[in-house]
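Trainee: Following this message is one structure expressed as structure tokens.
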Amino acid sequence: MADHLTAKILKEHLLSGRLEPGEEIAIRIDQTLTQDATGTMAYLQFEGMGVPRIRTELSVSYIDHNTLQAGFENADDHRYLQTAAARFGAYFSRPGNGICHQVHLERFGVPGKTLLGSDSHTPTGGGLGMLAIGAGGLDVAVAMAGGPFHLNVPKVLRVELTGTLPPWVGAKDIILELLRRLTVRGGVGRIIEYGGPGTAQLTVPQRATIANMGAELGATGSLFPSDGETRRFLASQGREQSFRELLPDPDASYDDKIILDLGRLEPLAACPHSPDAVKTIREIGPLQVDQIAIGSCTNSSFQDLLLTARILEGRLVHPRVSLVIAPGSRQVLLMLAQCGALGKLIAAGARILEPACGPCIGMGQAPPSGAISLRTFNRNFQGRCGTTDASVYLTGPAAAAVSALRGRLTDPREEGAFPTLPPAAVIIDDGMIIPPPAEGGGIEIIRGPNIRPLPLNDSLPEQLSLKVLLKAGDHITTDQIMPAGAKILPLRSNIPAISEYVFAPLDRSFARRAREAGTGLVVGGINYGQGSSREHAALAPMYLGIKAVLAKSFARIHHTNLVNFGIIPLLFESPADYERLQRDDILLLEKVPEQLEQGRVNLTNRTRGYRFAAVHRLSQRQLRIIRAGGLLNLMRAEKGQ
């Protein structure tokens, strides 16, 4: 039978289940990555499993999110992660070495392998032909312990790329066009495979940009073929031995197909406050811009920043604009310095940040009040930048660089001829990556005072009486459930402290009211929990007593995270019931385990005197997790701990 790329990799890694759309399967994970905003909790969970050594082919602990050391918390967590990596057998990428997705693409990614990462943009690796999937930290910890990763078999959408990219149009415009067509829900339950004659003209960094923002479509992953361009990239990194040709069979069939003519694209931008609010830059018009940020795991490759330098060369950033640039990796920064591009960026007035996530997660560089910030990042959710009333637009590096010179959002085609980009030798220096010792059993794990014990849930009771603590709308993001930023992210290893900020962007009183209620429920609309993979958006609500979330639909990773921490994800059987519920209503669920087993739950609104039904999409495995009060509880029970 003819297979697409997804089927080929899944078949090679299948441990249990049937490869039928919607069926739950278990697959073997070859590689994992964690970053410091999620990795501290993942390693605490790994410790709790009692496994002496990591059992994947390769695991890497990256420091890239919380590099701003305004207090002791981040530095302490970095030290914990470094000692834990040495103890358990993971590579450790030191602060300043770069963003996990960029560095992993350069130094570790292997076509045809599976990669599970505790970051929603892990699918970046799909640009290299990897089946790379974002997940919560607990799922990654299970994989590091040698356990399988469970997922529902996704449908596969083929994106056929034809034509040739015009000058000034880039990879960012390709994925923005798909977001315009499909919306932030268009990839839910899907893997997106790219092919067609237009694929050959895209470099691996360009492919990675597209695969990275598949996360904004809600896709499980994105896959490009591993071809001659892949071989060239790996050879440039001194890793040609990792190359493997991986192409779909010519007559492979797909669940759906989109044809995208690259020659018809023009420079695009996503408007506030969603990555799918896409318009052409010509449509948006010449908006005055206050801040521009170029970088993030989406557009911080050497090619992106070399293009930026060529545009800015010999000119000065507009006096109204603050321009910051964050290279994606130390390798990129060294190459910019070697070829002279770094000096040109500095001479033009750009502020150079360290290779890290930085402004993308609100870790510094918050724009002024009411400002317009133009960013080459992947998300523009309201408040994510650190300034609630700022308006963030997303675009590619060419438009960002031209706009920095003119002080207004500008179609880069106004610049005239597209600049030539000379090739540069790749600098290979892994000095900031610490390999694990052969034996780590004697290494002491150092914990700072901000690292608190991991909280656990109670097993599922027979009856639940839950107050509706919050009624939220559609497309609630994990940034709204558990915000990031320079003030809150340092508390990621301290659940009692970080739980004080649960739903703070929506309702600052939520944490207090949840504590007073003891147990509660959250109501949401469509696509509840979109965005980041951060499991704190489930773990901290669990700590506050949230027992269930009742929504119209869920984002994939967050749905799994809720289950992993024993929170029941329920779906309205009738959308009309969403309208009837109000905050502070008391809902009664009786014979909960029995009703969950049947797939349908009857709830009584004791406040308003009516009954309604909810359903769920939980597998038998997930039901066992819910009954145990979470995945760690279940694992301990099965081991007799």
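Trainee: I want to make sure I understand the PRE zone here: with the label point 7 angstrom from the Cα of residue 266 toward its beta carbon, which residues in the stretch 414-447 have backbone N atoms less than 13 Å away?
Mentor: Output list for this probe position: 414.
Trainee: Please list 3J(HN,Hα) in residue order for the stretch 93-103, calculated via the Karplus relation 6.51 cos²θ - 1.76 cosθ + 1.60 where θ = phi - 60°; whole Hz, with x for glycine and proline.
Mentor: 9, 5, x, x, 7, x, 6, 3, 5, 5, 5
Trainee: Going down the list 552/591; 547/591; 467/547; 155/257, which pairs span over 20 Å between their C-alpha atoms?
Mentor: Over 20 Å apart, Cα to Cα: 552/591.
Trainee: Under a crude label model (7 Å from the Cα following the beta-carbon direction), how far is residue 598 from residue 162 in nanometres?
Mentor: 5.3 nm
Trainee: Choose one of 402, 328, 316: the residue whose Cα lies farthest towards the positive end of the charge dipole of the stretch 271-411 (beta-carbon charges +1 Lys, Arg; -1 Asp, Glu; about the Cα centre).
Mentor: Highest projection toward the positive end goes to 316.
Trainee: A follow-up question, please. State to the nearest 20 debye the size of the charge dipole of the stretch 563-603 about its Cα centre, where the only charges are +1 on K and R beta carbons and -1 on D and E beta carbons.
Mentor: In debye, rounded to 20, the stretch 563-603 gives about 60.
Trainee: Please list 3J(HN,Hα) in residue order for the stretch 392-404, calculated via the Karplus relation 6.51 cos²θ - 1.76 cosθ + 1.60 where θ = phi - 60°; whole Hz, with x for glycine and proline.
Mentor: Values per residue, Gly and Pro as x: 10, 10, 10, 7, x, x, 5, 5, 5, 5, 5, 5, 5 Hz.
Trainee: Just want to confirm a number: the relative contact order over the stretch 142-301, from Cα pairs under 8 angstrom separated by 6+ residues, in percent.
Mentor: Relative contact order here is 32 percent.
Trainee: Sticking with this structure for a sec: Over the chain, calculate the relative contact order: mean separation of alpha carbon pairs under 8 Å at least 6 apart, over the residue count, as a percent.
Mentor: 14 percent
Trainee: Just flag the GluC sites (Glu not before Pro) in the stretch 1-72 sitting in loop per DSSP whose Cβ has no more than 16 other Cβ atoms within 10 Å.
Mentor: Here the GluC sites (Glu not before Pro) that fit, given the DSSP loop and packing criteria, are 23, 57.
Trainee: Quick one: which residues, 5 or more positions from residue 162 or on another chain, have an amide H under 5 Å from its amide H? H modelled 1.01 Å from N in the peptide plane, none for Pro or chain starts.
Mentor: 198, 260, 261, 262
Trainee: At 7 Å along Cα-to-Cβ for each site, give me the label-to-label distance between residue 75 and residue 253 in nm.
Mentor: So the label points at residue 75 and residue 253 sit 6.2 nm apart.
Trainee: How much length is gained on full extension from residue 338 to residue 627, taking 0.36 nm per residue of separation minus their Cα-Cα distance?
Mentor: Going from the current span to full extension adds 98.3 nm.
Trainee: Fully extended, how many nm does the chain gain between residue 369 and residue 588 (0.36 nm per residue separation, minus their Cα-Cα distance)?
Mentor: Computed gain between residue 369 and residue 588 is 74.4 nm.
Trainee: Kirkwood hydrodynamic radius (Cα pairs, Å) of the chain?
Mentor: Kirkwood hydrodynamic radius for the chain: 24.8 Å.
Trainee: So, with +1 on the Cβ of K and R and -1 on the Cβ of D and E, and no other charges, what is the size of the charge dipole of the stretch 271-411 about its Cα centre, to the nearest 20 debye?
Mentor: Here the stretch 271-411 has a charge dipole of around 180 debye.
Trainee: State the antiparallel share, in %, of DSSP beta bridges confined to the stretch 271-411, rounding to the nearest 5.
Mentor: Antiparallel: roughly 5 percent of the beta bridges in the stretch 271-411.
Trainee: Can I ask one more? Tell me the angle of helix 302-312 to the major Cα principal axis of the chain, expressed in degrees between 0 and 90 and rounded to the nearest ten.
Mentor: The helix 302-312 is inclined about 50 degrees to the chain.
Trainee: Next question. Principal axis extents for the stretch 213-320, Cα atoms only, whole Å, descending order, please.
Mentor: That gives 52, 37, 26 Å along the principal axes, largest extent first.
Trainee: Another one. Helix 171-182 against the longest principal axis of the chain: what's the angle in degrees, Cα atoms only, rounded to the nearest 10?
Mentor: 40 degrees
Trainee: Follow-up. Rank the residues 360, 339 as a footprinting-exposure proxy: fewest other Cβ atoms within 10 Å of their Cβ go first.
Mentor: The most exposed by this proxy come first: 339, 360.
Trainee: Output the 0 to 90 degree angle, nearest 10, between the alpha-carbon long axis of helix 36-48 and the longest principal axis computed from the alpha carbons of the chain.
Mentor: That helix lies at roughly 40 degrees to the long axis.
Trainee: What's the FRET efficiency of residue 346 with residue 239 using the Cβ-Cβ distance as r and R₀ = 22 Å, to the nearest 0.05?
Mentor: It comes to 0.10.
Trainee: Non-local amide H neighbours of residue 92 (under 5 Å, H modeled in plane, Pro and chain starts lacking H): which ones?
Mentor: The list, which skips near neighbours in sequence, is 61, 434.
Trainee: Follow-up question, since we're still on this one. Can you list, largest first and rounded to whole Å, the semi-axes you get for the stretch 464-638 by taking the square root of 5 times each eigenvalue of its Cα gyration tensor?
Mentor: The answer is 23, 19, 15 Å, longest axis first.
Trainee: Stretched out fully, how many nm does the piece from residue 497 to residue 354 gain, at 0.36 nm a residue minus the Cα gap?
Mentor: Computed gain between residue 497 and residue 354 is 48.7 nm.
Trainee: While we're here: Going by C-beta contacts inside 10 Å, put 43, 501, 254, 62 in order with the fewest on the left.
Mentor: So the residues, fewest neighbours to most, are 254, 501, 43, 62.
Trainee: Provide the packing ranking of 503-509, 188-194, 244-250, 463-469, i.e. peptides ordered by the mean count of other C-beta atoms within 10 Å per residue, highest first.
Mentor: Final packing ranking: 188-194, 463-469, 503-509, 244-250.
Trainee: Also: Highest mean first, how do 436-449, 342-355, 150-163 rank when packing is the count of other Cβ atoms within 10 Å averaged over residues?
Mentor: Those peptides, ordered most packed to least, come out 150-163, 342-355, 436-449.
Trainee: Taking the alpha-carbon centroid of each part, what is the distance from the stretch 442-495 to the stretch 79-100 in angstrom?
Mentor: If we compute the Cα centre of each part, the gap is 23 Å.
Trainee: Please list, by residue number, everything in the stretch 467-496 whose backbone N is under 18 Å from a paramagnetic label point 7 Å out along Cα→Cβ of residue 512.
Mentor: 469-471
Trainee: Once phi is turned into ³J(HN,Hα) by the Karplus curve 6.51 cos²θ - 1.76 cosθ + 1.60 with θ = phi - 60°, what whole-Hz value does each residue of the stretch 19-24 show in order, with x for glycine and proline?
Mentor: My calculation for the stretch 19-24 gives 7, 10, x, x, 6, 7 Hz in order.
Trainee: To continue, here is another question. Where does each of 495, 586 land when they are ranked from fewest to most other beta-carbon atoms within 10 angstrom?
Mentor: 586, 495
Trainee: Might you report the magnitude of the Cβ-based charge dipole of the chain about its Cα centre, with Lys and Arg at +1 and Asp and Glu at -1, to the nearest 20 debye?
Mentor: Result for the chain is approximately 940 debye, rounded to the nearest 20.
Values quoted throughout were computed directly from the atomic coordinates according to the rules given, and no laboratory measurement underlies them. From a predicted model like this one, the values you see are computed outputs, not experimental measurements. For neighbour counting, all protein chains shown are included, and Cβ atoms are generated from backbone atoms with ideal geometry for every residue, glycine included.
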